[in-house]
Amino acid sequence: MADTIKLEVVTPLKLAVATDVDEVPAPSVKGEFGVLPGHRPLLAALEHGRVKYIEAGTAKLAAVAPGFAEVGPDRVVLLVEHWIPGEEIDLDDVRDELARAEDKVKELSGQDASADYENALRDEKWASVKLDVAEQTRAV
């Protein structure tokens, strides 16, 4: 059995990552799961979260937006809305983005069934995940 597994991350705009890694933890809608070489086939829905992986001995961290994971014994494909490596996230920009999203959620509070409110919650979650990933990336 191989020591690594191929990680491919695909967004609507590009192939964001194609590399060999030791393992891949991913945030599913049912909780985080990890994939090691030799994993059984799996299809999972992904939620906003972070993906930390080891590439050539170096830990990498990225923010991921919802999508799907297709897992096999030698490959993991993440089909996601967004993928942003932690080092590419500007802390000041994402803090401002989170503040705006939180304000929008407060403004629309009480409109639980509205599409605008659901979109505001989604934007808030995405900004929060990016901030977490950016802060963790800089803490290393």
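Bear in mind that the values in this text are calculations on the coordinates, not laboratory data. A quick note: this is a predicted structure, and the numbers were derived from the prediction, not measured. Glycine also receives a Cβ, built like all others from the backbone with ideal geometry; neighbour counts cover every protein chain displayed.
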Q) (1) in contact with a Gly (Cβ under 9 Å, 6 or more places away or on another chain); (2) free of Cβ contacts under 8 Å to residues at least 60 places away in the same chain; (3) surrounded by 15 or more Cβ atoms within 10 Å (Cβ to Cβ): which one isn't true of residue 137, the others all being true? A) (2)
Q: For the stretch 36-47, state whether one or more residues are under 29 Å from residue 124 (Cβ atoms) and in contact (Cβ under 8 Å) with a residue 40 or more places away in the chain.
A: no
